[in-house]
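The values are calculated or read from the model by the stated rules, or taken from the named source; none is laboratory data. Values in this document were obtained by computation on a predicted structure and should not be read as measured data. Here Cβ is always computed from backbone atoms with ideal geometry, including for glycine, and neighbour counts include all displayed protein chains. Ligands, DNA and RNA are stripped out before the accessible areas are found, and what is left, the full protein with its side chains, is counted by its heavy atoms. Shrake-Rupley method; radii C 1.70, N 1.55, O 1.52, S 1.80 Å.
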Amino acid sequence: MAALLRRYGVGARWYDVLSGERWVYRAGRRAGVALLDPRPGEVIVDLGCGTGLNFPVLSEAVGPTGLIVGIDRSPDMLEMARRRVERAGWGGRVRILQADATALRPSDVAALAGASPDALLATYSLSVIDGREEAWRRASASLRPGGRACIVDMQPPRGTWRVLSPLARLACSAGGADITAHPWQMLERDAEPGSLRRSERKGGHIVAVAGRLA
Ligand SMILES: C[S@@+](CC[C@H](N)C(=O)[O-])C[C@H]1O[C@@H](n2cnc3c(N)ncnc32)[C@H](O)[C@@H]1O
């Protein structure tokens, strides 16, 4: 099962259930979207969007005049995302791009969106992506000047939550995530310092950092 999830292929149809979404990871996604603060009419890139678990909250925030561009490498994850969009009737609000984030071309994102996006959200994806620096560089370069970004990802839990650490490590390794990668540090490095905001959930296991890119 671990291998199935890690490939984000045939495991895609069980991802929403087996990924711990309900009990653990939904809290981080909500914290991240709150920090990113998407507004009506904005264009938001969801990098490594997977099955589209961010789409409900993003779609509500950007409204009928806004747009979500979901990018992922896995056709199986994107098939689940497309089904989610179809079921919810968000056809006009979501566009999907199948692409390897490490080879992403900002011009392709702008062409699909019809404009350079206002903001970027990456939930639990940059810890999985091999070559995350390159993926981050390309995705952040696709934003309009002064665009905002939010990275939500994982690290080992602290304090009393440390008892969950072996479980957290197992879950992250099953998903192929490097729990020591701290990908939000790329945003902390590249954002305007005064714009940075941070939030933690589940004993520090989930970290959300948002900011305006310099
Ligand atoms: C743990 S899932 C997170 C999915 C979603 N963001 C969420 O919050 O549920 C990681 C996702 O990153 C995608 N991914 C991994 N490497 C990638 C790459 N090089 N380019 C684009 N997507 C990639 C996987 O296909 C998978 O959908």
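A few points about this structure:
- Per-pair calculated FRET efficiency, R0 = 30 Å: residue 196 and residue 21 via Cβ, rounded to 0.05: 0.65
- Region 94-158 - charge dipole about Cα centre, Lys and Arg +1 at Cβ, Asp and Glu -1, debye rounded to 20: 200
- With every protein chain in place, the chain: carbon and sulfur % of accessible area (1.4 Å): 53
- Accessible area of residue 25 in the full protein assembly, 1.4 Å probe (Å², nearest 10): 20
- In the context of the full set of protein chains, the chain has a per residue accessible area of 46 Å² (1.4 Å probe).
- Relative to one another, the C-alpha centroids of region 169-214 and region 40-101 are positioned 21 Å apart.
- Space enclosed by the convex hull of the alpha-carbon atoms of the chain, per residue, Å³: 104
- Global form of region 129-203, assessed from the alpha-carbon gyration tensor, a/c cut-off 1.5: oblate
- In terms of its C-alpha gyration tensor, region 43-149 comes out oblate, because a/c is 1.5 or above while a/b does not outweigh b/c.
- Of 191, 149, 119, the residue with the greatest mean-square motion in the GNM of the chain, using alpha carbon springs below 10 Å, is 191.
- For the options 166, 117, 38, a Gaussian network treatment of the chain with springs between C-alpha atoms closer than 10 Å singles out 166 as fluctuating the most.
- Charge dipole (the chain, unit charges on Cβ, about Cα centre) - positive-most of 92, 47, 199: 199
- Computed over the chain, the per-residue total of -39500 (n - 2.57) for DSSP H runs of n ≥ 4 gives a 222 nm mean residue ellipticity of -10000 deg cm²/dmol, rounded to 500.
- Computed lengthening from residue 83 to residue 185, 0.36 nm per intervening residue step minus Cα-Cα distance: 33.4 nm
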